[in-house]
1. Within 13 Å of ligand 2 (Cβ to nearest atom) and over 27 Å from residue 267 (Cβ atoms): which single residue out of 39, 61 fits that description?
2. Tell me yes or no: at least one residue of segment 61-72 is in contact with a Cys (Cβ under 7 Å, 6 or more places away or on another chain) and either farther than 19 Å from residue 7 by Cβ or aromatic (Phe, Trp, Tyr) (or both).
3. All but one of (1) more than 26 Å from residue 216 (Cβ to Cβ); (2) at pLDDT 80 or above; (3) crowded, with 16+ Cβ neighbours inside 10 Å hold for residue 164; which doesn't?
4. Residues that are more than 27 Å from residue 339 (Cα to Cα), at least 2 per element: which helices (runs of 4 or more DSSP H) completely within segment 359-431 meet that?
5. Identify the single condition in (1) in contact (Cβ under 8 Å) with a residue 24 or more places away in the chain; (2) more than 24 Å from residue 367 (Cα to Cα); (3) aliphatic (A, V, I, L, M) that residue 58 does not satisfy, given that it satisfies every other one.
6. Please go through segment 1-36 and pick out each residue that is within 11 Å of ligand 2 (Cβ to nearest atom) and either among the β-branched types (Val, Ile, Thr) or not in a loop (DSSP other than H, G, I, E, B) (or both).
7. Spot the failing condition for residue 85; the list is (1) of a type in the set (S, T, N, Q); (2) away from ligand 1 (no atom under 16 Å from the Cβ); (3) surrounded by 14 or more Cβ atoms within 10 Å (Cβ to Cβ), and only one is missed.
8. Here are some conditions: (1) within 16 Å of ligand 1 (Cβ to nearest atom); (2) assigned to a helix (DSSP H, G or I). Residue 73 meets all but one. Which one does it not meet?
Amino acid sequence: MSEAIDRLKTQLHYEKTFDCVQCGYCLPACPTYETMGKETHSPRGRINLVKMAAEGKIGVETMREPIEKCLGCRACQTVCPTNVQYGEILEGAKSVLEDLEEKSKKQRMTENFIFNELFTSRRWMNLIGNATWFYQKSGLQAIARNTGMTSIAPLHLDKFEAVLPEVASPFERRNSPGLVKAKGSSKLRVGFVRGCVMDSVFHQTNKNTIELLSRAGAEVVIPKAQTCCGALHSHTGKLEEARQLAKQNIEAFENEKVDYIVNNAGGCGAMLVEYDQLLKDDPDWEMRAQHFSKKTRDVSVVLTELDGLEFHHSVNERVTYQSSCHMLHVQKVAAEPLELLRKVPGITYREMPGYDRCCGSAGIYNIVNYEDSMEILDLKMEKTVETKADTIVTTNPGCLLQMKLGIQREGLENKVRALHLVDFLIEANPQPK
Ligand code: SF4
Ligand code: SF4
């Protein structure tokens, strides 16, 4: 019995919950505390629930709903004066809840397929890309929209269908290179993390990222053996699966002798920089994971460091920036995207009040907690509208779709657009220095 309690305490990172001094500084930073208005749905409240569950004062199931309603945005961690490692506490709680959850055989099989086959297989991701491309180009999309057939999709997927980007053709995606040389003299050799969804649905953004890096003076290697970063696995408590993916990625990049490992999705980047934590108890992988995490950079950081782009084309737009939470609160990347935006001649930058606050996308939070997510998004859009911006720039595919959804909810489709930072920069047509 006491062995089981000790194991639960370890899994729940019980010791770390004592770092919380109950000051409440994190409460105003928490979007779910703002919209749900309950202590149990604040960072402090969630930490207390985890602590009480570890001590056996409440059943583990009592913490399920508040934990599942947490965005995992980590804004609480940034403002916490005692540096509480909320991310670790949250992932531990999710892992315990995942182990205890009773699921039907059908549910388990579906989850196994989604997490162990779909996201991890390049073949499946290509098939999704091909099917979406065919749907968009064959006229099926127009028929489905005109006849209202999209509304029968479950989980509000019709809303997301409406904001999907145009997917690149199978031919374009098949011809992805393994190496792209620097334009001009090479200053760095970098490995590029193409991601899973990013590479099929946001292929053009990946292409633009590689092009910008090359124009700025980096030789870009794209290892074929890489796989999904494991963020969705980790955020749903499937830590063992996340570890396997991390190992595959570490192996794929460590033979390439690169200076940096570059990604363009805030959520994936946050996962990659924490591979060292994920594998810290595995003596065979601990050091290798540390090397990997140390080399991981968001593309905005590498482009800023290279300082190899010159912008001549004037873009006369009012631009605002919505940061990816994981980029800001986990990767701690704040200044570089703004520095790059300010290099573009002609733009008027309008700071969004609360740009550091989650938009409600949070991985698949907006799919599984749609109503809660939309409440958070509506608050975000109030602030966005205040900026009077024509263009919202962001740094993560989930945030991008969520902002597009927000534009649609506000009826601003003809006035405002949302773009990934690299797509905005490539549009501004920078040339190598
Ligand atoms: S700010 Fe940190 S110490 Fe204070 S209540 Fe929140 S988590 Fe606890
Ligand atoms: S991670 Fe975000 S939603 Fe969750 S408790 Fe912290 S601030 Fe609130």
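1. On the way: 61 fails: within 13 Å of ligand 2 (Cβ to nearest atom).
Matching residue, one of 39, 61: 39.
2. Residues of segment 61-72 in contact with a Cys (Cβ under 7 Å, 6 or more places away or on another chain): 71.
Next, from what is left, pick out any that are either farther than 19 Å from residue 7 by Cβ or aromatic (Phe, Trp, Tyr) (or both): 71.
Yes, some residue in segment 61-72 is in contact with a Cys (Cβ under 7 Å, 6 or more places away or on another chain) and either farther than 19 Å from residue 7 by Cβ or aromatic (Phe, Trp, Tyr) (or both).
3. If we test residue 164 against (1) more than 26 Å from residue 216 (Cβ to Cβ); (2) at pLDDT 80 or above; (3) crowded, with 16+ Cβ neighbours inside 10 Å, just (3) comes out false.
4. Values: elements: 365-368, 370-387, 397-409, 421-427.
Counting at least 2 such residues, we get 365-368, 370-387, 397-409.
5. The number of the failed condition is (1).
6. Here is the first cut: in segment 1-36, the ones within 11 Å of ligand 2 (Cβ to nearest atom) are 26-36.
27, 28, 29, 31, 32, 33, 34, 35, 36, listed by residue number.
7. Of everything listed in (1) of a type in the set (S, T, N, Q); (2) away from ligand 1 (no atom under 16 Å from the Cβ); (3) surrounded by 14 or more Cβ atoms within 10 Å (Cβ to Cβ), residue 85 misses just condition (2).
8. Residue 73 satisfies every listed condition except (2).
The values are calculated or read from the model by the stated rules, or taken from the named source; none is laboratory data. Just so it is clear, the structure is predicted and the values come from calculations on it, not from any experiment. Cβ: placed from backbone, ideal geometry, glycine included. Neighbour counts: every protein chain shown.
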